[in-house]
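This report refers to the structure that appears directly beneath it.
The values are calculated or read from the model by the stated rules, or taken from the named source; none is laboratory data. All figures in this text were calculated on a predicted structure; none of them were measured in a lab. Positions of Cβ are backbone-derived with ideal geometry, glycine not excepted, and every protein chain shown enters the neighbour counts.
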C-alpha cells in the first residue's frame, strides 16, 4: 500500500533494516524517524507507515463486526503489513475467533514481532492468531468454505507494484478461489490505493454483492483509499 509521511522534512529518515521479497530479487526497507517507522520497497515508494493506518483498520472493522456473532468465526488475512489490520480484526472479534495471517516476507513478520510490535499492540502475540509464512494464494486454494471473512491487503490492490504474481489474486481466477474459500454469507474485503470500476464489475460477475467504501489514510487526511466489501450472499 502506498502512503505519505507526516509533513516534516527537517528530520531525515534512517534506514535500519532490510528484508528480501522471496522470488523477486528486491527487498523491503524499514526506516525510522524519531517515533515513526515506514516501510518502502527498494527503488520504489513508501508502502506503509506507523502514522497512517486508518484505511487498514477499516479493512477489518466492517467485515469482522458482521461475523462476530457467528459460531467460532474464522478469518484469513492476506498481507501482515504493520499489523494494524490484524489488530483491528482481533479487537472486533470475540475470544472464540481464529485469524490466519499469510505473509510472504519472513523479515516483515520478524519486524512485527520486534521493533514494530508495540504500534499495533503486539497482535502476533494474541493466541487467536496463526501466522502462515508464504503466499496467501496458496492458502486460498487449500480449503473450501473455510473462512467467514477474507481480508486482502496485498501489494497495492488490483494493480500490483511490488510483485507481479500478486496480480493473480485480483483476476477472475483468483477471486473465484476466494469465493470458494468463503463460507455461506462470507465476506471478501479488499484494500486498494484507489477505486477501479472494472475490478468492481469483475467481483459482481463472480457472484459477489459488492459495496465500495472510500477511507482516508489518517484522521480524514491524506490519500483517499478504496475498500471493496464483497459478500457471497446479500447484505
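Before moving on, here are some points about what is shown:
- Residue 2 being on the phi < 0 side of the Ramachandran plot, modelled with pLDDT under 90 and outside the structural domain of residue 192 (by TED's automatic domain parsing): yes
- Count of segment 38-67 residues, restricted to those that are over 17 Å from residue 103 (Cα atoms) and out of contact with any helix residue (DSSP H, G or I) (no Cβ under 7 Å at 6 or more places or on another chain), is 16.
Yes or no, residue by residue, for (1) over 16 Å from residue 188 (Cα atoms); (2) in the same structural domain as residue 199 (by TED's automatic domain parsing); (3) free of Cβ contacts under 8 Å to residues at least 60 places away in the same chain:
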{"position": "69", "(1), (2), (3)": "yes, yes, yes"}
{"position": "73", "(1), (2), (3)": "no, yes, no"}
{"position": "77", "(1), (2), (3)": "no, yes, no"}
{"position": "108", "(1), (2), (3)": "yes, yes, no"}
{"position": "113", "(1), (2), (3)": "yes, yes, yes"}
{"position": "124", "(1), (2), (3)": "yes, yes, yes"}
{"position": "129", "(1), (2), (3)": "yes, yes, yes"}
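- Taking the criterion of being more than 18 Å from the chain's Cα centre (by Cα) and surrounded by 14 or more Cβ atoms within 10 Å (Cβ to Cβ), the only residue of segment 115-137 that qualifies is 115.
- Across segment 48-59, the number of residues qualifying as surrounded by 20 or more Cβ atoms within 10 Å (Cβ to Cβ) and under 12 Å from the mean Cα position of the chain (by Cα) comes to 6.
- Restricting segment 184-198 to residues that are at pLDDT 90 or above and in contact with a strand residue (DSSP E or B) (Cβ under 8 Å, 6 or more places away or on another chain), the residue that is surrounded by the fewest Cβ atoms within 10 Å (Cβ to Cβ): 185
- Search result, residues across segment 60-82 that are in a loop (DSSP other than H, G, I, E, B) and crowded, with 21+ Cβ neighbours inside 10 Å: 73, 79, 80, 81, 82
- Check on residue 140, outside the structural domain of residue 28 (by TED's automatic domain parsing), at pLDDT below 95, under 22 Å from residue 184 (Cβ atoms) and buried (at least 19 other Cβ atoms within 10 Å of the Cβ): yes
- Enumeration of residues in segment 42-59 that are outside any loop (DSSP other than H, G, I, E, B) and in contact with a strand residue (DSSP E or B) (Cβ under 6 Å, 6 or more places away or on another chain): 46, 47, 48, 49, 54, 55, 58, 59
- Which listed residue, of 118, 91, 98, is touching a helix residue (DSSP H, G or I) at 6+ places or on another chain (Cβ under 9 Å) and modelled with pLDDT of 95 or more: 91
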